[in-house]
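Colleague: I'd like to ask some things about the structure below.
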Amino acid sequence: MIDQKTGYFPLFIHFSCVKQPPELRIFPKSVKDFPYIIDQVRNGQIFCVSDVAKSSLTSKEKSYFRKREIKSVLSIPFILRGRLLGVLALNSIREKHEFTEPEIKLSRAIANLLSVAVENANLMEVSKKHSEELEKLSLQIINAQEEEKKNIAGKLHDVVGQDLTALQLDLKMSQQELPEQCAQTRNRLKEGEGLVRQALENVRNLTMDLR
């Protein structure tokens, strides 16, 4: 697989039918290690040679294959929407091999399936990232709402609650200061005090609910 930004191989999977293949597990790091092959497959073409030694590969590429005793190479690109996602490479070790048309067709079909699988994996990763961002945003909104509720509750308790308490005290003192012959006015003040007491209780309950 090829990283689209860096050109490095973040994923390099190897399978071999040959026991103890020489240095096959020492993988190249980037597309720069295979300039000729990558140039061929980048436009969706396959690269196929039955004799690496007599091919047009660069000396660096030939050296890589020679150390691993690779004689023949078939490279099929993973292409999706014009992007080179990776390369499926079939190599013949120690013996030259002339890749047949059925082998090439089968390899291309596998590469096409892998292209779709890789794209689906990428889409799932993008979807997961968006879901995480949405969850993070939702949490920020909830925290902002909670903070606003605490702010409102604090103002109700500190401002409205204190004002109502002061008003309740004023009404009670006014009742006590009026002479007994002003019974009607005292009753009205008492009723007003009761309404203020109820309003103060409502404010306290609302403050508790907000918190």
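The values are calculated or read from the model by the stated rules, or taken from the named source; none is laboratory data. Since this is a predicted model, take the numbers as computed values, not measurements. Note: ideal-geometry Cβ built from the backbone for every residue, glycine included; neighbour counts use all protein chains shown. Each accessible area value is taken on the protein alone, full model and side chains, heavy atoms only, with ligands, DNA and RNA left out. Shrake-Rupley method; radii C 1.70, N 1.55, O 1.52, S 1.80 Å.
Colleague: For Phe12 and Lys150, what does the FRET efficiency come to when R0 = 35 Å and r is the distance between their Cβ atoms, rounded to the nearest 0.05?
Modeller: Details: r = 54 Å, r/R0 = 1.53.
With R0 = 35 Å, the Cβ-Cβ based efficiency is 0.05.
Colleague: Let me ask something else about it. Using alpha carbons only, how many degrees (0 to 90, rounded to 10) separate the axis of helix 183-210 from the longest principal axis of the chain?
Modeller: Orientation of helix 183-210: about 10 degrees from the principal axis.
Colleague: Also, quick follow-up: When the accessible area of the chain is computed with all protein chains present and a 1.4 Å probe, what percentage of it is carbon and sulfur?
Modeller: Reported share for carbon and sulfur atoms: 55 percent.
Colleague: If you don't mind, there's one more thing I want to ask. Could you give me the radius of gyration and the Dmax of the chain, taking only the C-alpha atoms into account and expressing both in angstrom?
Modeller: Just the Cα atoms of the chain yield Rg and Dmax of 39.8, 125 Å.
Colleague: Explain nothing, just the number: dipole magnitude of the chain about its Cα centre with +1 on each Lys and Arg Cβ and -1 on each Asp and Glu Cβ, in debye rounded to the nearest 20.
Modeller: 1460
Colleague: Further question on the same structure: Among Lys67/Lys128; Lys5/Lys105; Lys71/Lys128, which pairs are too far apart, with a Cα-Cα distance over 32 Å?
Modeller: Checking Cα-Cα distances, Lys67/Lys128; Lys71/Lys128 exceed 32 Å.
Colleague: With just the Cα atoms defining each centre, how far is the stretch 1-78 from the stretch 165-207? Give it in Å.
Modeller: Result: 92 Å between the Cα centres.
Colleague: If you plug each phi of the stretch 61-69 into the Karplus form 6.51 cos²θ - 1.76 cosθ + 1.60 with θ = phi - 60°, what whole-Hz ³J(HN,Hα) values come out, in order, with x for Gly and Pro?
Modeller: Rounded to whole hertz, the list is 5, 4, 5, 4, 6, 5, 4, 9, 6.
Colleague: Run through the stretch 97-182 and list the GluC sites (Glu not before Pro) located in a DSSP loop whose Cβ has at most 11 other Cβ atoms within 10 Å.
Modeller: Working: sites: Glu98, Glu103, Glu119, Glu125, Glu132, Glu133, Glu135, Glu146, Glu147, Glu148, Glu177, Glu180; in loops: Glu98, Glu180.
Loop-located and lightly packed - Glu98, Glu180.
Colleague: I've got another one for you. Among Ile13, Ser115, Leu88, which residue has its Cα furthest toward the positive end of the charge dipole of the stretch 12-119, with +1 on Lys/Arg Cβ and -1 on Asp/Glu Cβ?
Modeller: Toward the positive end, the furthest listed residue is Ile13.
Colleague: Enumerate the lysines that Lys150 could reach by cross-link, defined here as Cα to Cα under 22 Å, with residues fewer than 8 away along the same chain left out.
Modeller: Reachable lysines: Lys136.
Colleague: Give me D for the stretch 19-124 in µm² s⁻¹, whole number, from Stokes-Einstein with Rh from the Kirkwood sum over alpha-carbon pairs, 37 °C and 0.692 mPa s.
Modeller: Stokes-Einstein gives a translational diffusion coefficient of 227 µm²/s.
Colleague: Tell me which of Thr185, Asn151, Ile141 sits at the most positive position along the dipole axis of the chain, charges placed on C-beta atoms (Lys, Arg +1; Asp, Glu -1).
Modeller: Positive-end residue among those listed: Ile141.
Colleague: Give me the accessible area per residue for the stretch 1-150, probe 1.4 Å, as a whole number in Å².
Modeller: Dividing the accessible area of the stretch 1-150 by its residue count gives 70 Å².
Colleague: A further question on this structure: So what's Rg/Rh here for the stretch 142-211, counting alpha carbon atoms and using the Kirkwood radius for Rh?
Modeller: Expressed as Rg/Rh, it is 1.21.
Colleague: Moving on. How far apart, in nanometres, would the label points at Ala109 and Leu178 be if each is projected 7 angstrom from Cα along the Cα-to-Cβ direction?
Modeller: Label-label distance for Ala109 and Leu178, simple model: 10.0 nm.
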